[in-house]
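The values are calculated or read from the model by the stated rules, or taken from the named source; none is laboratory data. Keep in mind that what you see is a predicted model, and the values were worked out from it rather than measured. Methodologically, a virtual Cβ is constructed for each residue, glycine included, from the backbone with ideal geometry; neighbour enumeration extends over all protein chains shown.
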Amino acid sequence: MLAFIYDSDNKLSLKQIERPASSNTSAVVKVEATSICGTDLRAYRFGSSKIKAPRTIGHEMVGTIVEIGKDVKNFSIGDRVQVAPAIGCGVCPSCRKGKTNLCDSLKTIGFEFDGTFAEYVHIPVEAFMQDHVSKVPDGLDPREAVLTEPIACIVNAQQYLNISKGDIVAIFGSGFIGTMHAQLAYHQGASKVFMIDVNDARIAKAKEMLPMLYGINSMKEDLFPTIMQHTDNFGVDVAITACSVGSAQSDALGIIAKQGRISLFGGLPKESKGFLDSNIIHYKEISLFGAHASTVSQNRYVLDLIARGKLNVKPFIEKTFPLSQIVEAFEALNNELIVKAVLIP
C-alpha cells in the first residue's frame with residue numbers, strides 16, 4: 001500500500017509498504033479521509049524529535065473496518081470509525097480522571113503508532129482497550145467527520161476558558177484552528193470576536209466563513225489602541241493564541257482585561273522562551289491555560305455536533321487531494337493557499 005513515511009533522516013516521502021494485519025485484539029481500517037494537522041506541517045517543515053522513525057505519520061482519520069480480531073468487542077467489519085489518536089494507559093492519575101491526553105505514558109497514532117497518511121491503518125489494541133474508537137453515523141460525509149479530532153482539541157482548550165454570553169474574544173491566527181475557535185466562541189455566546197493575523201488574505205478567508213468577525217492585521221494596525229477603542233478601554237475577556245508565534249503570547253497579555261483568560265493553544269519551538277510578563281499576570285489576576293490534544297469524550301461530543309449539523313465545517317473543505325498528491329497538499333498549506341487539506345486515499 002501507499003504511505004507517507006517519516007524516516008531516520010527526518011525526511012518525509014511516499015513509499016510502497018506492506019498493508020498492516022490485525023491481531024486477535026486489534027483492527028485494520030481502510031482510510032476514507034485523513035487531514036493534515038499543524039503538527040504534521042511542522043514535521044514536514046522542520047522535522048520532529050517526537051516522531052519515532054521510521055513512521056507513517058497522520059492522526060486525523062475516518063475509515064471503515066476491513067479486518068478485525070476475534071477478541072474485539074462491539075465492532076464489526078464494515079463499521080465506519082473515528083479514533084481519538086492520543087491514547088492513554090488507563091491507569092495513571094490523569095487517565096483515571098478521564099484526561100487521557102495528559103497520560104504519563106501517552107502513545108499517539110502517527111507518533112508511537114503508525115499513522116493515517118496511508119491507504120490502511122492499524123488500530124492498536126490500546127485504542128480498543130481505552131475506548132478510543134467511535135462509530136461514525138451512516139451518511140456523514142467523511143470529509144466532514146475527519147475534522148472531529150482537531151475540533152476536539154479546540155473544545156479541550158475552550159473548556160478551560162468558560163466563554164459565555166457577552167464575552168469579547170481575541171484570536172491570534174486565522175487559519176483553520178483560529179477560525180474554528182471563533183465559530184465555537186460564537187456558539188458559546190461571545191458577543192464579539194477579533195481575528196488577528198498578519199495576512200490580509202487569511203483574514204478575508206476567515207471572514208468569508210464568519211462574516212461577523214472583526215479582522216485586524218497587526219502589521220498594519222497598532223493592536224493595543226485598536227482593541228481598546230473597540231472595547232471601551234476594557235480589553236478582551238478571552239485571548240487565544242492559535243498560532244506558533246511567541247510574540248502572540250505577549251500581545252495577548254497586552255490586550256487582556258483584568259481577570260481575563262488566555263489559552264496558549266499554539267505550541268512554540270523549544271527555544272522560544274520569555275514572552276510572558278508574570279507581573280501583568282499577577283496584578284491583573286489573569287488566568288493562563290495550556291491545552292494539549294483532546295480526550296475521548298471531547299471527540300465524541302464534536303462528532304455528534306458535526307453529525308447533527310450544529311457545527312458548519314463544510315467551508316473548510318476547500319480542496320481534497322489523493323494520497324499520491326500529499327506533497328502538493330503540504331505545499332498548498334505551506335504557501336497558505338488553503339487553510340485545511342483533506343486527503344482521500
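Tabulated data
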item	result
Any pair with Cβ under 6 angstrom, 6 or more apart, that starts in the stretch 316-337 at a residue that is in the same structural domain as Ala33 (by TED's automatic domain parsing) and closer than 22 Å to Leu210 by Cα and ends at one that is of a type in the set (Lys, Arg) and assigned to a helix (DSSP H, G or I)	Ile317/Arg143
Ala3 vs. criteria more than 18 Å from the chain's Cα centre (by Cα), touching a residue at least 40 places away in the same chain (Cβ under 8 Å) and buried (at least 17 other Cβ atoms within 10 Å of the Cβ)	yes
Any chance Phe111 is surrounded by 18 or more Cβ atoms within 10 Å (Cβ to Cβ), in contact with a helix residue (DSSP H, G or I) (Cβ under 8 Å, 6 or more places away or on another chain) and either without any contact (Cβ under 8 Å) to a residue 40 or more places away in the chain or not assigned by TED's automatic domain parsing to the domain that holds Ser247 (or both)	no
Residue list for the stretch 196-255, filter: within 13 Å of Ile168 (Cα to Cα) and among the charged types (D, E, K, R)	Asp232, Asp237
Check on Ser48, modelled with pLDDT under 95, surrounded by 15 or more Cβ atoms within 10 Å (Cβ to Cβ), of a type in the set (Gly, Ala, Ser) and more than 24 Å from Val81 (Cβ to Cβ)	yes
Leading residue by the ranking (surrounded by the fewest Cβ atoms within 10 Å (Cβ to Cβ)) among those in the stretch 81-108 that are in contact with a Gly (Cβ under 8 Å, 6 or more places away or on another chain) and small (Gly, Ala, Ser)	Ser105
Meets criteria (touching a His at 6+ places or on another chain (Cβ under 7 Å), farther than 30 Å from Leu12 by Cα, buried (at least 19 other Cβ atoms within 10 Å of the Cβ) and among the hydrophobic types (A, V, I, L, M, F, W, C)) for Ile171	yes
Failed criterion for Ile256 (all others in (1) crowded, with 18+ Cβ neighbours inside 10 Å; (2) of a type in the set (A, V, I, L, M); (3) modelled with pLDDT of 95 or more; (4) under 30 Å from Glu318 (Cα atoms) hold)	(4)
Residue match in the stretch 159-168 (condition: among the polar types (S, T, N, Q), part of a helix (DSSP H, G or I), surrounded by fewer than 23 Cβ atoms within 10 Å (Cβ to Cβ) and on the phi < 0 side of the Ramachandran plot)	yes
Strands (runs of 3 or more DSSP E) wholly inside the stretch 42-129 that include at least 1 residues being under 17 Å from the mean Cα position of the chain (by Cα)	60-68, 80-83
Residues being surrounded by 22 or more Cβ atoms within 10 Å (Cβ to Cβ) and out of contact with any Leu (no Cβ under 8 Å at 6 or more places or on another chain) - total across the stretch 225-238	3
Verdict on Glu221 being surrounded by fewer than 23 Cβ atoms within 10 Å (Cβ to Cβ) and farther than 22 Å from Gly246 by Cβ	no
When residues of the stretch 8-23 are limited to those that are surrounded by 13 or more Cβ atoms within 10 Å (Cβ to Cβ) and not polar (S, T, N, Q), the one nearest to Pro322 (Cα to Cα)	Leu14
Within the stretch 259-306, considering residues that are surrounded by fewer than 19 Cβ atoms within 10 Å (Cβ to Cβ) and among the hydrophobic types (A, V, I, L, M, F, W, C), the one nearest to Val136 (Cα to Cα)	Leu305
All positions within the stretch 314-339 that are at pLDDT 95 or above and either over 27 Å from Leu268 (Cβ atoms) or not in a helix (DSSP H, G or I) (or both)	Thr320, Phe321, Pro322, Leu323, Ser324, Gln325, Glu328
